[in-house]
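Written out below as structure tokens is the structure these notes cover.
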Amino acid sequence: MARRPGTPRLLRELNDRAALDLLVEQGPLTRAQIGEHTGLSKVTASQLLSRLEERGLVEVAGEQAGGRGPNAALYAVVPSAAYVAGLEVGPDGVTAGVADITGTLAAQVTVDPNGADDPVRTVHDAVVKACRSARVAVGRLSAFVIGTPGVVDPRSGDVQFSFDLPSWHEGVLAALRTDLRRPVTIENDVNLAAVAERAYGAARGADDFALMWLDRGMGLSVMLGGRLHRGRSGGAGEIGYLPVPGAPLPIGAARRGPEDEGVTESTSWGKPAIAGGYGSLVGADAVRALAHSHGITEPTAVACVRAAAEDETMGGAFLDELAVRISYGVTSVNIVLDPGLVVLSGSLGSAGGVPLASRIERTVGRISPTRPTVAVTRVEGNPVLRGALHSALEQARDEVFSADPA
């Protein structure tokens, strides 16, 4: 790619973008504060703010009282400069959120698909409902990012295979873009949870880490050098299929067909689950069965893990054995990639908290040449949705903030 010369116009664009990013991160600032953070002179900062005001990207949001002389005007990004949508799509429903360009959530709704097997209709209905709640026209949305379980081809952006959502397949992305008439990105849901963890959670600012998703099923996301590692075909992180000692091989589970080889009915969630492999040891059904064998009789796997973590005198032995099972996957990742940090997320990972995380860290340290830090997610709210909105905001800001002025 040819480099653009350092023309005055390019320098203005770079300065404008730097100031806008600064205002998003730190909130209202005065001309002097913008100049101080960016290294620009007061004159240049004033010219910059005038340009951004003319473009409708910044506005005076108040005043800062000073010592002598008049109060300094505080400038902020105009929230309505752009809006984005983020969605989490799962077998039990769709959660959609709408945020303004500053990242402030305007609305969040959850829609029951009612057995609908049309991905376009399901997403469209959720987006319309969220926009109505936010009082934002669908046409004002600048970007959509959708989180879905399964393998997403990094080259085409289409879903190649989703165990939980068989109706999501190649061709869905183009259909969504045609329906919504806007840029649409589909991303693996656990990858988006990792995006949220790096932006807001336990991996904030970390360039290298792995996120272990423990929920009804399990998944893995790896961030290397500050970038998601998706693999050549998008299958990186499908750790539920990992062959492990003590479990049958997940033969056929990756391709659901008429005979559903490698699939068993989940008793705790009422949804199909992988039979065999790592998933059969740390999935919700297996975790609940293990807890019951230790005398912890809560009705769900999440409740069992939470009860054990809250009373280690009663649940310590169960957590010890669960940590060993989880460590099979964590150790495999640690030996191959040495990420340094592993974050536990998903409802089961969150429920185990520090008592489970510390046990996994100790176990991995005993059977691995290096000992990663094992932490619990610190992302508040829905991590997949927050990751989707964060990714959509980055796309929208690139488009809106970097656009050449008219």
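Readers should treat all values here as calculations from the given coordinates under stated rules, not as data from a laboratory. Everything numeric here is computed off the predicted structure, so don't read it as measured data. Here the Cβ is made from the backbone with ideal geometry for all residues, glycine too, and neighbour counts use every protein chain on show.
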Give me the distance in nm between label points sitting 7 Å out from Cα along the Cα-to-Cβ direction at residue 36 and residue 110, one decimal. 4.4 nm
What number, in percent, do you get for the relative contact order of the chain if the mean sequence gap of Cα pairs under 8 Å and at least 6 apart is divided by its residue count? 15 percent
For the chain, alpha-carbon Rg over 2.2 N^0.38 Å: 1.10
Rounded, prolate or oblate: which one fits the range 206-378, using the alpha carbon gyration tensor with axes a ≥ b ≥ c (rounded when a/c is under 1.5, else prolate when a/b beats b/c, else oblate)? oblate
How long is the gain from residue 371 to residue 204 if the chain were fully straight, where each residue apart is worth 0.36 nm and the alpha carbon distance is subtracted? 58.1 nm
Per the 1/(1 + (r/R0)^6) rule, R0 = 30 Å and r from the Cβ atoms of residue 11 and residue 65, FRET efficiency to 0.05 is 0.35
Ellipticity estimate at 222 nm from DSSP helix runs (n ≥ 4, -39,500 (n - 2.57)) divided over the chain, nearest 500: -13500 deg cm²/dmol
For the range 40-53, in residue order, the Karplus 3J(HN,Hα) values (coefficients 6.51, -1.76, 1.60; θ = phi - 60°; whole Hz; Gly and Pro = x) are 8, 6, 4, 5, 5, 4, 5, 4, 4, 5, 5, 4, 5, 5
For q values of 0.19, 0.21 Å⁻¹, compute log₁₀ I(q)/I(0) with the Debye formula on a Cα-only model of the range 16-150, without solvent. -0.97, -1.10
Relative contact order as a percentage, the range 206-378, C-alpha pairs under 8 Å and 6+ apart, gives 22 percent
Which semi-axis lengths, in whole Å and largest first, follow from the square roots of five times the eigenvalues of the Cα gyration tensor of the range 8-77? 20, 13, 11
Output ³J(HN,Hα) for the range 372-385: one whole-Hz value per residue in order, computed from phi by the Karplus curve 6.51 cos²θ - 1.76 cosθ + 1.60 with θ = phi - 60°, and x for Gly and Pro. x, 7, 10, 10, 9, 3, 10, 7, 8, x, 7, x, 5, 5
Relative exposure of 146, 367, 239, judged by other C-beta atoms within 10 Å (fewest first): 367, 239, 146
On Cα atoms only, tilt of 301-310 relative to the major axis of the chain in degrees: 80 degrees
Calculate the spin-label point distance for residue 298 paired with residue 129, positioning each point 7 Å from the Cα along the beta-carbon direction, and give it in nanometres. 2.8 nm
Candidates per chymotrypsin sites (Phe, Trp or Tyr not before Pro) in the range 56-155, loop by DSSP, up to 14 other Cβ within 10 Å: none
Within the chain, what percent of beta bridges assigned by DSSP are antiparallel, to the nearest 5? 65 percent
Residue of 210, 18, 134 that the Gaussian network model of the chain assigns the largest fluctuation, springs spanning Cα pairs under 10 Å: 18
